[in-house]
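J.: This is the structure I have questions about; it appears just below.
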Amino acid sequence: MPRKAGLFEASDGSIVEAYFLLRKESKNIPPAWIGRATESRKRRQKELGKALNSNSLDAVALLKDWEIAYQKECFYYGLRVLLELERHGKTQY
C-alpha cells in the first residue's frame, strides 16, 4: 500500500526538517511524487489563468491554492536532490 504524502505538513514545509525526518525513518521520496506534484499544480493553472484575466475575486483563492501546490512541488524536488547528494555526491537534476 502506498504511503500517504503528508511529509509537507509534518515538517511545516521545511525541506531541512523533512530531510532529517526521512533519514531518521530510513525512507525515500519516490520520483513519482515530484511528477504528481507537478501535475497537481498544472491542473490548477487553466482555471487560475481565466480568473486572473477576468480580474475576478475568485482568483485570490485559486492563487493561494496554486501557490501551495507550487510549494509542495518544490519541496519534494528539493528533498529528492538532498537524498541524491547524500547517496551519490551529485544529482541528475
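Rule-based calculations on the coordinates, nothing more; no lab input. Because the structure is a prediction, the values reported are computed rather than measured. Because the Cβ atoms are built from the backbone with ideal geometry, glycine has one as well, and the counts that use them run over all protein chains shown.
J.: Report every pair of residues separated by at least 6 positions or lying on different chains whose Cβ atoms are under 7 Å apart, first residue within segment 76-90 and in contact (Cβ under 8 Å) with a residue 40 or more places away in the chain, second outside any helix (DSSP H, G or I) and of a type in the set (A, V, I, L, M, F, W, C).
T.: If the second residue must be outside any helix (DSSP H, G or I) and of a type in the set (A, V, I, L, M, F, W, C), the pairs left are Tyr76/Ile29; Leu79/Ile29; Arg80/Ile29; Leu83/Ile29.
Quick grid of which residues meet (1) in contact with a helix residue (DSSP H, G or I) (Cβ under 7 Å, 6 or more places away or on another chain); (2) surrounded by 14 or more Cβ atoms within 10 Å (Cβ to Cβ); (3) of a type outside the set (A, V, I, L, M):
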residue	(1), (2), (3)
Gly13	yes, yes, yes
Val16	no, no, no
Lys24	no, no, yes
Gly35	no, no, yes
Ser40	yes, yes, yes
Gly49	no, no, yes
Leu57	no, no, no
Ala61	no, no, no
Lys64	no, no, yes
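J.: State whether the residues of segment 50-57 include one that is assigned to a loop (DSSP other than H, G, I, E, B) and either among the hydrophobic types (A, V, I, L, M, F, W, C) or touching a residue at least 40 places away in the same chain (Cβ under 8 Å) (or both).
T.: Checked segment 50-57: at least one residue is assigned to a loop (DSSP other than H, G, I, E, B) and either among the hydrophobic types (A, V, I, L, M, F, W, C) or touching a residue at least 40 places away in the same chain (Cβ under 8 Å) (or both).
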